[in-house]
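Novice: Here it is, the structure in full.
The values are calculated or read from the model by the stated rules, or taken from the named source; none is laboratory data. As the structure is a computational prediction, the values presented were derived from the model and not from experiment. Every residue, glycine as well, gets a Cβ built from its backbone with ideal geometry; the counts of neighbours run over all protein chains shown. Surface accessibility is based on the protein's heavy atoms, side chains included, excluding ligands, DNA and RNA. Shrake-Rupley method; radii C 1.70, N 1.55, O 1.52, S 1.80 Å.
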Amino acid sequence: MRSLQVCRASVFMLLFGMACLADEKAVEPVLHIGGTGGAYLLAEPGELVIELEKRDLNRSGRRADLRAVLVGPDRQVLQDVTISDDGQARGSGPGPIQIARLSTQVPRKGVYGLNITVSNDRYGTEVTWGIRTNCTRYLIETSRGHRDARREEPIVLVDPNRERNVCFLPRQGKFGIELSRLTESTKMPAVYDDQDELIETLTGTADGRATTTVSADPNRRTAPWRLHLPHGQAEVQIDGVTRWDGSDTYPNLPLWTPDAASWFPLHEYRWLLTPYRRTAYGQTGNEQAIEFRVHNNAKEQRVIQLELEFPDQPWKARLATREVTLGGKRSQRVAVHYTMPDDQQVVHIRATPVEAPEFSTYTTLTVVPGTAPTSEPLQLPLTLRAYEHENEQLGYLPGYPVDNQVYFDYENRPHVNKGSAIVRRRDGEWVESSLSDAELAGKSYGAASTKIGFDPKGGVYLVGRTGRRAAMLHSADGGKTFADYSIPERRESSRSFDIEQFSGHNGSDGPPPIVRFTRTASDPKRIWRRINDLELFVPEFDGDEIVIGEPILLTTSCIGLSTHSGAPSSIVSRGSKVHVTWAEATAPEAKVPGVPTYVVTYDRKTRTLGKPALIGYGAPPNDIHNTPSITMDSGGYLHVLAGTHGRPFQYARSLKPNEAGGGWTDPVPTGGEWNQTYIGLVCDANDTLHLVSRVWRYGEAPHPASHFATLAHQQKKADGRWESPKSLVVPPFSEYSVFYHRLTIDRLSRLFLSYDCWSTYWFYRTDYPGSRRALMMSSDGGAHWKLVETGDFIR
């Protein structure tokens, strides 16, 4: 990465328009826009040049370094440059124009990408930016960081002294256009169709706004319309372009261009061939294959032609098919078969739609003889680079399901809950069992939780849902077939469930307990404050059948359950004792340090519920992120972490084994000033507690200009204190990230960590369809970690 020199310009604010750099004549000033995002360019062979401009607005005083990453069609990073903050004081107004030049040689036609992010400014309010390029086909994607609200990506234009256009793909259905921050003028914006026929001239208001609604037309062509602005200053909202609903053909694709001539059909052929790049290892002479996904993003049928392109001499590789016919919004996997050569080789797989031969792009397969680096311990932290994750860096190609975290039965056989099926390993093979088999009387279930429970007799358990009906799903034959047992209904509100799963020393002879969270109220002024009834179910066997039993009400003030990251445990049990932890909502005006966190014990034999024990507070109050987690050690002592949102977790241990009502240690933090969220907690055979959570870092490499999240591991030995967190994974971009991590432990006390690094930036996330989930493990108590290979599963 390099910091670029400031280039000053006398123009007050240059704005964004693309013009051919090959033309030495005067070019139109660049149109600057707000927000973050980037551009996609359909480049022809030859030199590709992009001139990038940035202007700091100096509103907040935060350091606003603009990072630009230029990638090829296979997402190979070609340039990664930074235009630094201009250093001017807060409130000083717009600073000078700064310029960076990016260029690359295009060896073959394809869709290139330019990714724009800004430090400390994921919404792009501190800078304006724009580009000029010699590429004649390009689209802009205005994509900021996420918000905890409905997504909107208004197009912000900043050029009041020139006419400008926003060219966009219109819906066939009715859509609205809303403009704000317009310059006062006698001329008003107008909308033109793809034949450049005037549709409507907008009428403005005194406060600089203008709106219109365009009627539905089922025959409207898939071709760009033009919104013309006599003065290029506006904030533009267009239904189907900057905000979406369920009727949109191309949701979450905020693509547009200031020049209709630059349009190309990216909407219809988004994600045409993925993954964009794959690296595969193997032994010389082995016959191998790898699959790529061909996708038709249009709503009509398309025919996609495929061919191999060798950058050097051809080697033994072939496509399973050279043409794929796909219905609208359909995909198909296509294999590339090859013989592993004796040295590294590359082949490109090109995809070209018959209906639009002007659009063509490719993915790249690199094959390397030998053993993949995944067999070796990781050099921690694993620092994910932009567009270079586990496969690109280490050749990670899992031969096992990575849809969710892995759980291990009493014989240490791995199981994964895919949502619609359970996948288990038997006799060296992965076997999948649908949750809609004949035992369920034709009902189609989906999992209501990603967790799986077991009993010593080979029973497999999970919570399923079909419509509004929830049930415990039980397999008595090791996961081959399932029977359903209805959970007494509560249909009036949103419900979520947790089921006991193995966390090191817990479990019982019968069905695992379940808790149900039923939302009874929300707080419109505090989006993270929820109020839930929390109920416990203690299922029992009656012969070969399971009786779920009536719900046992634990509280009517539970804050709720957050399990997408950490997958914290609400329940542990041993013998007749069942222990449940939860956090509660409090009155907004109450002066409390966080969510009060409780633990209670229920005795199956006596069918009695103990008195809840308050063990601490997780800051801040009234925040559903603060889900606690419970585990137990070999002696039966209970260990609880109170969940927090950007604070150190609070830890307490029971004073009596297998009992919540016998007193607790005073709560202590897991660290000094660590900003933590999302608990993953297990206890190993040595009674060492292992915690994996998201931990924030500030002003450190590799993102010294800002803050960034890490996925970090901590441990507490049986008689020791909590050690400092050690980073396991670092994200490719600064600002917000979450890892959707889930920590589990097998019966040999090995740690397994499933994770999927998720960046706040829509531009980056949208570009990669599906999940990047990976699985790493430690067999020595967290001292070393490696990416999991199939051979690491014992059974």
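Novice: Of all residues being of a type in the set (Asp, Glu) and in a strand (DSSP E or B) in the range 28-73, which is farthest from residue 139 (Cα to Cα)? Just the residue, please.
Specialist: 56
Novice: For the range 199-297, list the strands (runs of 3 or more DSSP E) that sit wholly inside it and hold at least 1 residues that are small (Gly, Ala, Ser) and surrounded by fewer than 18 Cβ atoms within 10 Å (Cβ to Cβ); which are they?
Specialist: 287-295
Novice: Ok, one more. Tally up the residues in the range 187-223 that are under 24 Å from residue 267 (Cβ atoms) and polar (S, T, N, Q), please.
Specialist: Going through the range 187-223 one residue at a time, the tally reaches 6.
Novice: Okay, moving on. Scanning for something among the β-branched types (Val, Ile, Thr), open to solvent by 10 Å² or more (accessible area, probe 1.4 Å), part of a strand (DSSP E or B) and over 29 Å from residue 298 (Cβ atoms), does the range 155-162 turn up at least one residue?
Specialist: yes
Novice: Identify the single condition in (1) under 23 Å from the mean Cα position of the chain (by Cα); (2) under 30 Å from residue 453 (Cβ atoms) that residue 424 does not satisfy, given that it satisfies every other one.
Specialist: Residue 424 satisfies every listed condition except (1).
Novice: Out of all the residues in the range 344-372, which are free of Cβ contacts under 8 Å to residues at least 40 places away in the same chain, touching a strand residue (DSSP E or B) at 6+ places or on another chain (Cβ under 7 Å) and not in a strand (DSSP E or B)?
Specialist: Within the range 344-372, just 344 meets the criteria.
Novice: Taking only the range 335-358 into account, find how many residues are of a type in the set (A, V, I, L, M, F, W, C), surrounded by fewer than 20 Cβ atoms within 10 Å (Cβ to Cβ) and over 18 Å from residue 282 (Cβ atoms).
Specialist: Number of matching residues: 2.
Novice: Sort through 102, 78 and tell me the only one that's modelled with pLDDT of 95 or more, open to solvent by 40 Å² or more (accessible area, probe 1.4 Å) and part of a strand (DSSP E or B).
Specialist: Step by step, each of 102, 78 is checked, and only 78 is modelled with pLDDT of 95 or more, open to solvent by 40 Å² or more (accessible area, probe 1.4 Å) and part of a strand (DSSP E or B).
Novice: I would also like to ask the following. Looking at 90, 151, 108, can you tell me which residue is assigned to a loop (DSSP other than H, G, I, E, B), open to solvent by 10 Å² or more (accessible area, probe 1.4 Å) and within 15 Å of residue 238 (Cα to Cα)?
Specialist: Criteria check complete, one pass: 151.
Novice: Only residues that are in a loop (DSSP other than H, G, I, E, B), closer than 17 Å to residue 449 by Cβ and open to solvent by 20 Å² or more (accessible area, probe 1.4 Å): list them for the range 479-511, please.
Specialist: Passing the criteria: 490, 494, 502.
Novice: What number of residues in the range 403-427 are free of Cβ contacts under 8 Å to residues at least 60 places away in the same chain, assigned to a loop (DSSP other than H, G, I, E, B) and open to solvent by less than 40 Å² (accessible area, probe 1.4 Å)?
Specialist: 1
Novice: Also, quick follow-up: So residue 214 fits all but one of (1) in contact (Cβ under 8 Å) with a residue 12 or more places away in the chain; (2) under 26 Å from residue 30 (Cα atoms); (3) over 34 Å from the mean Cα position of the chain (by Cα); what number is the exception?
Specialist: In the conditions (1) in contact (Cβ under 8 Å) with a residue 12 or more places away in the chain; (2) under 26 Å from residue 30 (Cα atoms); (3) over 34 Å from the mean Cα position of the chain (by Cα), residue 214 misses (2) alone.
Novice: Right, another one. I need a count of the residues in the range 666-683 that are assigned to a loop (DSSP other than H, G, I, E, B) and under 28 Å from residue 610 (Cβ atoms).
Specialist: 3
Novice: Can you tell me which residue in the range 758-777 is most open to solvent (accessible area, probe 1.4 Å), limited to those that are of a type in the set (S, T, N, Q) and within 16 Å of residue 390 (Cβ to Cβ)?
Specialist: 771
Novice: So, one more: Which of the residues that make up the range 298-343 are of a type in the set (D, E, K, R) and assigned to a strand (DSSP E or B)?
Specialist: 302, 307, 309, 318, 323, 333
Novice: Go through (1) modelled with pLDDT under 95; (2) more than 30 Å from the chain's Cα centre (by Cα); (3) of a type in the set (A, V, I, L, M, F, W, C); (4) more than 25 Å from residue 28 (Cα to Cα) and name the single condition residue 149 misses.
Specialist: It fails just one condition, (2).
Novice: Ok, one more. Which residues, taken from the range 429-453, are outside any strand (DSSP E or B) and either open to solvent by less than 20 Å² (accessible area, probe 1.4 Å) or at pLDDT 90 or above (or both)?
Specialist: 435, 440, 445, 448, 449, 450, 451, 452, listed by residue number.
For every residue, the table says whether it meets (1) of a type outside the set (A, V, I, L, M); (2) more than 22 Å from residue 765 (Cα to Cα); (3) at pLDDT 95 or above.
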position	(1), (2), (3)
342	yes, yes, yes
358	yes, yes, yes
363	yes, no, yes
375	yes, yes, no
384	no, no, yes
395	yes, no, yes
403	yes, no, yes
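Novice: Of 97, 33, which residue is at pLDDT 95 or above, within 29 Å of the chain's Cα centre (by Cα) and open to solvent by less than 60 Å² (accessible area, probe 1.4 Å)?
Specialist: Details: 97 fails: within 29 Å of the chain's Cα centre (by Cα).
Being at pLDDT 95 or above, within 29 Å of the chain's Cα centre (by Cα) and open to solvent by less than 60 Å² (accessible area, probe 1.4 Å) holds for just one of 97, 33, which is 33.
Novice: Those residues that are within 15 Å of residue 512 (Cα to Cα) and open to solvent by 50 Å² or more (accessible area, probe 1.4 Å), I need them from the range 461-478; list them, please.
Specialist: First, the residues of the range 461-478 that are within 15 Å of residue 512 (Cα to Cα): 461-464, 471-476.
Within the range 461-478, just 476 meets the criteria.
Novice: Among the residues of the range 759-777, which ones are over 15 Å from the mean Cα position of the chain (by Cα) and without any contact (Cβ under 8 Å) to a residue 60 or more places away in the chain?
Specialist: Residue satisfying the conditions is 777 alone.
Novice: I need the full set of residues from the range 116-140 which are open to solvent by less than 10 Å² (accessible area, probe 1.4 Å) and in contact with a helix residue (DSSP H, G or I) (Cβ under 6 Å, 6 or more places away or on another chain), in order please.
Specialist: Hit for the range 116-140 is 138, nothing else.
Novice: A follow-up question, please. Of all strands (runs of 3 or more DSSP E) completely enclosed by the range 579-665, which ones contain at least 3 residues that are open to solvent by less than 20 Å² (accessible area, probe 1.4 Å)?
Specialist: 595-603, 613-618, 629-632, 638-642
Novice: Using the structure shown, decide if residue 56 is under 34 Å from the mean Cα position of the chain (by Cα) and either under 13 Å from residue 127 (Cα atoms) or at pLDDT below 95 (or both).
Specialist: Judged against the criteria, residue 56 is a match.
Novice: Output the qualifying pairs, or none if there are none: Cβ atoms under 7 angstrom, residues six or more apart or on different chains, first residue in the range 736-758 and small (Gly, Ala, Ser), second residue in a strand (DSSP E or B) and at pLDDT 95 or above.
Specialist: From residues that are small (Gly, Ala, Ser), the pairs are 737/708; 737/709; 737/758; 737/759; 754/406; 754/742; 754/775.
Novice: How many of the residues making up the range 512-531 are of a type outside the set (D, E, K, R) and open to solvent by less than 10 Å² (accessible area, probe 1.4 Å)?
Specialist: Within the range 512-531, residues that are of a type outside the set (D, E, K, R) and open to solvent by less than 10 Å² (accessible area, probe 1.4 Å) number 6.
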